[in-house]
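For reference, the structure discussed in these notes is given below.
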Amino acid sequence: TTMLLDALERSSVTEVHNESGDNAAFARFALRDDAIVRELVVRSRSRAVVFKPLFDSHRVLELLDDLGTPTRGRAVWIYRPMEGRVRSSMAKWPDNARRVLGAIADGRTDLWQAGGLSAERLRLVRELGGGGLSQESASALLWYLRNSLVFDLGLPGRADVAIIAYEDLVSDPERRLRSLCAFIGIPYDRRMARGISQRPPATAGVLAIDPEIARRCEELHERLNAAAWARTP
């Protein structure tokens, strides 16, 4: 998500609001009130106003349909393989996933990681997200829960949503960014692809992931790849 946001920020016609350090649009990494977000869009003189609402990803339909901006918004959902996300998480927040899942299993639905989760998904957390999980398994289960929202919210097939595979972006950044700019409605700038390439894993070694969680993640990744908008010519 940060890589894509940096690419869009290199355009001369975008106004970009990042979740980190942007007090105008975000408060503690969550989007501010819809009225504030709407005002930022309305008063902007840029061709496109870009937000990175990771904590609010489950609200994508509300943001698309109910924000009330002069022109309708568009959403980009970029995902990476589960293992890449787990390795990154283990490098940055090694103790976080198991703690979060334990809290959700205990009934905490006010956490952003629980946002938008159906009763079925919450039941899965209670069944699989207990204290016996490894940190890798907990991180993988969080990947599964958040990316399952793509299908739980009915995003595939919507004309205002682009589902993009991280691997596609890094393997052919110019082509993918050209398509994405056309989708957003801005001209492509060659500077946008600068620095985008395959990166080494954040951590090495074999991941200790519960077989049931690994199976669910593999099936979901296949579904995401089949739905990925960026895989079309």
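Kindly provide the helix-only [θ] at 222 nm of the chain, computed as the sum of -39,500 (n - 2.57) over DSSP H runs of four or more divided by all residues, to the nearest 500 deg cm²/dmol? Please list the in-between numbers first.
Values: 10 runs with 108 residues, N = 233.
Calculated at 222 nm, the ellipticity per residue is -14000 deg cm²/dmol.
Can you tell me the alpha carbon radius of gyration of the range 14-94 divided by the globular rule-of-thumb value 2.2 N^0.38 Å? Kindly include the intermediate steps, with their values, before the conclusion.
Numbers: Rg = 14.3 Å, N = 81, 2.2 N^0.38 = 11.7 Å.
Here the answer is 1.22, to two decimals.
Over the chain, with every protein chain in place, what whole percent of the accessible area is carbon and sulfur at 1.4 Å, could you tell me? Display every interim value, and only then the final one.
Details: 5820 of 12080 Å².
Of all accessible area on the chain, carbon and sulfur atoms account for 48 percent.
What whole number of Å gives the distance from the Cα centroid of the range 1-79 to the Cα centroid of the range 113-156?
When both Cα centres are located, 24 Å separates them.
Order of 82-91, 23-32 by packing, highest average Cβ count within 10 Å first? Mind showing how you got there, number by number?
On the way: 82-91: 19.4, 23-32: 15.2.
The packing order, highest mean first, is 82-91, 23-32.
So if R0 is 25 Å, what FRET efficiency would Glu219 and Glu9 give, r being the distance between their Cβ atoms, rounded to the nearest 0.05?
Values: r = 35 Å, r/R0 = 1.38.
About 0.15, to the nearest 0.05.
Subtracting the Cα-Cα distance from 0.36 nm times the residue separation, let me have the gained length for Asp22 to Glu120 in nm, one decimal. Let's see the in-between values first.
Working: separation 98, 0.36 × 98 = 35.28 nm, distance 3.46 nm.
Answer, rounded to one decimal: 31.8 nm.
Once both labels are modelled 7 Å past Cα along the beta-carbon direction, what's the Asp110-Val42 spacing in nm?
Taking the two extended label points, one gets 3.1 nm.
Using a 1.4 Å probe and ignoring any ligands, DNA or RNA, find the accessible area of Trp93 and quote it in Å² to the nearest 10.
Around 140 Å² of this residue is reachable by solvent.
Given the chain, report the % of alpha carbon pairs whose separation exceeds 25 Å. Could the numbers behind the result be given before it?
Numbers: 11713 of 27028 pairs.
Roughly 43 percent, rounded to a whole number.
Using the heavy atoms of the protein chains and a 1.4 angstrom probe, tell me the accessible area per residue for the chain in square angstrom.
Working: 12080 Å² over 233 residues.
It amounts to 52 Å² per residue over the chain.
Taking every pair of alpha-carbon atoms in the range 71-205, what share in percent sits in each 10 Å bin, from 0 to the bin with the longest distance?
Final binned percentages: 11, 33, 31, 20, 4, 0.
The values are calculated or read from the model by the stated rules, or taken from the named source; none is laboratory data. These numbers come from a predicted model, not from an experiment. When we count neighbours, we look across all protein chains shown, and the Cβ atoms used for this are built from the backbone with ideal geometry, even at glycine. Ligands, DNA and RNA are stripped out before the accessible areas are found, and what is left, the full protein with its side chains, is counted by its heavy atoms. Shrake-Rupley method; radii C 1.70, N 1.55, O 1.52, S 1.80 Å.
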